[in-house]
1. Looking at the range 418-444, which of its residues are among the charged types (D, E, K, R) and crowded, with 19+ Cβ neighbours inside 10 Å?
2. Taking the condition of being free of Cβ contacts under 8 Å to residues at least 40 places away in the same chain, part of a helix (DSSP H, G or I) and either within 13 Å of the ligand (Cβ to nearest atom) or surrounded by 14 or more Cβ atoms within 10 Å (Cβ to Cβ) (or both), how many residues in the range 128-162 meet it?
3. Kindly provide the set of residues from the range 303-324 that are assigned to a loop (DSSP other than H, G, I, E, B) and either within 13 Å of the ligand (Cβ to nearest atom) or in contact with a strand residue (DSSP E or B) (Cβ under 8 Å, 6 or more places away or on another chain) (or both), ordered by number.
4. Working only within the range 66-103, note down all residues that are of a type in the set (A, V, I, L, M) and away from the ligand (no atom under 12 Å from the Cβ).
5. Kindly provide the set of residues from the range 185-216 that are in contact with a Ser or Thr (Cβ under 6 Å, 6 or more places away or on another chain) and modelled with pLDDT under 85, ordered by number.
6. So is Ser381 away from the ligand (no atom under 16 Å from the Cβ) and among the hydroxyl-bearing types (Ser, Thr, Tyr) or not?
7. Somewhere in the range 309-318, is a residue in contact with a Phe, Trp or Tyr (Cβ under 6 Å, 6 or more places away or on another chain), closer than 20 Å to Met145 by Cα and among the β-branched types (Val, Ile, Thr)?
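The values are calculated or read from the model by the stated rules, or taken from the named source; none is laboratory data. Everything numeric here is computed off the predicted structure, so don't read it as measured data. Every residue, glycine among them, receives a Cβ derived from its backbone with ideal geometry; neighbour counts consider all protein chains shown.
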Amino acid sequence: MPALTNAIPGPRGLPVLGVGNRLLNDPLEFMVRLQRHYGDLVQLPLGKHTMYLATHPDMVKRITQENWKNYIKRYPTMDEILGQGLVTSNGEYWLRQRRLMQPAFHHQRITRMADVMVEETERMLARWEGYARSHRPFEVQEEMMLLTQQIIVRTMFGTSLSDAEAHTIGKAFNDSLNWVAGQQFRIFQPPRSWPTPGNLAYRRNLELLERTVYRLINERRQRPGEHDDLLEMLVTARDADTGEQMSPKQIRDEVMTIFLAGHETTAGTLSWIIHLLTHHGDTERKLRSEYASVLGGRNPTPNDLPRLPYNRMVIDETLRLYPPTWILTRVLINPDTLGNYQLPAGATVALSPYVTHRHPAFWPNAESFDPERFRREEAESRHKFAYIPFLSGPRQCIGNNFALTEMQIVLPMILQRFQISAVPGYPVQPQPKATLRPGPKVWVEVRG
Ligand code: HEM
């Protein structure tokens, strides 16, 4: 075994700036090249700070499972939006909230939510009928955002939004998150109190989101006992020791978190799938033939999903190539060893599902879209931590089964109803913002 060392390889970057500008300008390509050139752990100078990019599945296992308590989340820029919600909190408070919310994501509950998923998809497809009749191209991502927002607010908060309201709120969320995510690698960030155009727009968006969320909470508090969903669990929960209820601010943080984490990632993935299918006719044909033999034109139910393996393989492969959470970070409490490298306490470690999903030792021909990689035998023989779209360990995504069920239902409903083609002249590239969406826009046309 090689000796332990703290000399971690990496680029030097520019004086003062380090590699911050490259991470800002072209992070995906840059990180993949770093992994190829320097290996599984790379040191990145970022102004006064240093970040370590860990991409080997063994390291992912160490960070997210074996020694996960030593790797905490510190997302100061997200705190204003998500507060102490499940995504951003740590320690005992996180554990208590996770336990409280877990039952809302139980398999049987998600099965019961399938009806709402089907109804909302029907509503979207009725809109698409109109586009088909008038040969009107449309932007698929906007449609998917509306769909996944309506599904999350109906299933988790027992309410519905008008399409106009959903549109305004979705935009406020996206704009504020992308703006915050963009600030992360900036060397100079104007303080939030300065009236810069960016700060002012951010504040307006946040106010709009909070007004909506507090309205939802107040409505529910006035009429308790009428629902059986996540919001009811949050509003009625009492601390086992003190008997205290959660404060409106605590509930607000969880509602904002679920609303945010529960729609944009799934919408992005569905949009990627549609985009990929318009360029991979063979995969599309195979999907259609699976749907025809199992569903024969009817809508899927949760019982059908295990009998649609190719449907699932296409989703898995899309999440491999374009994991919505393309980067995430942790801060070490105590020193740790990754491979034969020693990391100091306080170090920031970045994990990138995007780069790990392209690791040459685990993914041959990694850039090609090939759902066959997820055939059962092949998937089972692979390193378990080489595929981490939902991360792994105790802090893995609480909504993974919700999202997978939703996508497995929406996709056959779309394809059984329409032929989809890309509008030429609009090249699509991954947009590494708060999540990895296809863009700038995905214009398509549908025929019934
Ligand atoms: C394709 C869809 C989705 C993907 C790829 C995804 C991915 C992820 C990832 C990678 C994390 C870990 C983040 C980190 O530790 O820094 C995470 C956490 C989380 N996700 Fe998802 N997610 C998806 C859908 C959803 C949905 C539908 C919900 C809710 C309905 C949800 C709720 C959450 C929550 C609450 C956490 C924090 C969990 C914790 O720390 O205990 N996600 N997700």
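1. So in the range 418-444, the residues among the charged types (D, E, K, R) come out as 433, 437, 441.
Matches in the range 418-444: Arg437 only.
2. Final tally of qualifying residues: 5.
3. Within the range 303-324, the first condition is being assigned to a loop (DSSP other than H, G, I, E, B), and the residues that meet it are 308, 322-324.
Tyr322, Pro323, Pro324 - these are the residues of the range 303-324 that are assigned to a loop (DSSP other than H, G, I, E, B) and either within 13 Å of the ligand (Cβ to nearest atom) or in contact with a strand residue (DSSP E or B) (Cβ under 8 Å, 6 or more places away or on another chain) (or both).
4. Step one: filter the range 66-103 for residues of a type in the set (A, V, I, L, M), giving 72, 78, 81-82, 86-87, 95, 100-101.
Residue satisfying the conditions is Ile81 alone.
5. If the condition is that a residue be in contact with a Ser or Thr (Cβ under 6 Å, 6 or more places away or on another chain) and modelled with pLDDT under 85, then Pro190 is the only one that fits.
6. On the way: away from the ligand (no atom under 16 Å from the Cβ): yes; among the hydroxyl-bearing types (Ser, Thr, Tyr): yes.
In short, yes.
7. Looking for residues that are in contact with a Phe, Trp or Tyr (Cβ under 6 Å, 6 or more places away or on another chain), closer than 20 Å to Met145 by Cα and among the β-branched types (Val, Ile, Thr), one finds at least one in the range 309-318, hence yes.
For (1) in a helix (DSSP H, G or I); (2) charged (D, E, K, R); (3) farther than 22 Å from Phe385 by Cα, each residue gets a yes or a no:
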| position | (1), (2), (3) |
| --- | --- |
| Met31 | yes, no, no |
| Leu53 | no, no, no |
| Arg74 | no, yes, yes |
| Met78 | yes, no, yes |
| Val87 | no, no, no |
| Ile110 | yes, no, yes |
